[in-house]
1. What Kirkwood hydrodynamic radius, in Å, does the stretch 1-77 give when the mean of 1/r is taken over all pairs of distinct Cα atoms and then inverted?
2. Give a residue-ordered list of calculated ³J(HN,Hα) values for the stretch 168-173 (Karplus: 6.51 cos²θ - 1.76 cosθ + 1.60, θ = phi - 60°; whole Hz; x for Gly, Pro).
3. Determine which lysines satisfy two conditions relative to Lys277: a Cα distance under 18 Å, and not lying fewer than 8 residues away in the same chain.
4. Express in nm, to one decimal, how much length is gained between Val66 and Ala49 on full extension, taking 0.36 nm for each residue of separation and deducting their alpha carbon distance.
5. Which residues in the stretch 18-50 place their backbone N less than 20 Å from a point set 7 Å from the Cα of Asn94 along the Cα-to-Cβ direction?
6. Please state the charge dipole magnitude for the chain, taken about the Cα centre, from unit charges on C-beta atoms (+1 on K and R, -1 on D and E), reported in debye and rounded to the nearest 20.
7. Which listed residue (Gly99, Gly178, His9) has the Cα farthest towards the positive end of the charge dipole for the stretch 2-207, taking +1 on Lys and Arg C-beta and -1 on Asp and Glu C-beta about the Cα centre?
8. For Lys106, give me every one of the lysines with a C-alpha distance below 19 angstrom, ignoring sequence neighbours fewer than eight places off in its own chain.
Amino acid sequence: MILISRDKHVYSFGPNMKPVAKANPGDVVIFETIDALGGQIKSEKDTIAHIDFSRVNPATGPLYVVGAERGKVLAVEILDIEVAERGVIVTAPNAGVLGDIVREPKTRICKINDGIVQFGEIKIPAKPMIGVIGVAYDEEIPTGTPGKHGGNMDTNLITEGTTLYLPVFREGGLLAMGDLHAVMADGEVCVSACEVSGSVKVRVNVLDGKLEWPLLETANAYYLIVSKEKLDDAIKEGVKLGVNALAKANNLEWDDAYMLASLVMDVQISQLVDPAKTIRVKIPKKYVNLDAFLNTEVF
């Protein structure tokens, strides 16, 4: 088993990333992570108004995976996520969907015990997830921004028991991850979730075939994950890819696949607060298979 400690991290996904570890397909790797605020919030007196933003969204890695080459797909099977017993949620003026209403920055510390996140007197079932996970890209993209390489997708379905498929752009893939959340609702509307440090155990593999955007596999469905500056643009591209996959999987003409999409395909929002907005398009496995997504381009 390979361990990558939390002191080995990056703040961007770009062409000059240097691997800190190497894995073969099938290897199991543990990534130790720092919370998205860089561990700078120690109490509720600390706010994001006074933190060093150059230390925000550290992603542990990167990991070089043998055989991961441009045009192939890196498969990341999420085996386990462990989070610390203390998390942080913050907001501030001009942050999040309703930032124009927020008058001053505010912080809440949340205790996490026995699968419960304590927000004041309110108990919320924990659902640990990975906010930032991605691979090297051809241009420098901050870890706080999502894109075709993955990155800060803030998709709460990226959790234990799922497999994330990422398009490979640079030799070795160069996988890095961080920004764990103990719990996050779709949208992440106040600009943060329950930000927490922890560790992620994954198994990596390499597949032949090409993906346009990240793809998530759960027990019952596939989710295309698309991020664009404008929400409408992300939705349009995700729907196009989903319709194409339905056509390919069911040997349908495009118009018929388009109509089928209105019956079986769901469009969902992952996050609304990052530099690019992220949506996901869900198609149940009953109507599509993995091969239908490979080499399926936006027309």
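What follows draws every value from the coordinates through simple rules; no lab data is involved. Quick caveat, the model's predicted, so the values are computed rather than measured. Cβ: placed from backbone, ideal geometry, glycine included. Neighbour counts: every protein chain shown.
1. Its Kirkwood hydrodynamic radius stands at 14.4 Å.
2. Coupling constants for the stretch 168-173: 9, 10, 10, 4, x, x Hz.
3. Straight-distance partners of Lys277: Lys148, Lys228, Lys230, Lys236, Lys240.
4. Taking Val66 through Ala49 to full extension adds about 1.9 nm, to one decimal.
5. Those under the cut-off are 47-50.
6. Its charge dipole is roughly 300 debye.
7. Towards the positive end, the residue furthest out is His9.
8. The reachable lysines, counting only those whose Cα sits under 19 Å from Lys106, are Lys42, Lys45.
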